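Working notes, structure below.
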Amino acid sequence: MTKKHTQLSLVQRYQIQAFLKAGIKQKKIALEIGVHPSTISRESDRNIAKSGQTSSKNVAKNAQRNTNFRPQCKPKVVKFSFPMKEQAVKWLEHDM
């Protein structure tokens, strides 16, 4: 059985923010939201601001913005680069 990867919704992020602010433990939060406890841990570690007005706080809006921004920064895999294409064209022209 394979597990389907789903991202947290903005509502879930707000719930995590509220629970963490209330001092509730990560295991309990995970049970309430219906995710694995490591998800709560990763979410809080990854999305706590390092500097600025919200430093050392989990802010759901910032977490969602970061989540939306990350794929844009991810390097794309190029399997057939432009220099490779030029070389292939040269080889094809040479054979004709």
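The values are calculated or read from the model by the stated rules, or taken from the named source; none is laboratory data. Computed from a predicted structure; not experimentally measured. No Cβ is skipped: glycine too gets one built from the backbone with ideal geometry, and neighbour counts run over all protein chains shown.
Here are a few things to note about the model shown:
- Of all residues making up segment 6-45, the number that are surrounded by 12 or more Cβ atoms within 10 Å (Cβ to Cβ) and of a type in the set (Asp, Glu): 2
- Residue ID - modelled with the lowest pLDDT, chosen from residues in segment 8-37 that are touching a helix residue (DSSP H, G or I) at 6+ places or on another chain (Cβ under 8 Å) and polar (S, T, N, Q): GLN17
- Residue within segment 71-82 that is part of a helix (DSSP H, G or I), modelled with pLDDT of 75 or more, surrounded by 12 or more Cβ atoms within 10 Å (Cβ to Cβ) and under 21 Å from the mean Cα position of the chain (by Cα) present: no
- Among residues of segment 42-70 being in a loop (DSSP other than H, G, I, E, B) and of a type outside the set (S, T, N, Q), the one that is modelled with the highest pLDDT is VAL59.
- The set of residues in segment 25-41 being within 16 Å of the chain's Cα centre (by Cα) and part of a helix (DSSP H, G or I) consists of SER38, THR39, ILE40, SER41.
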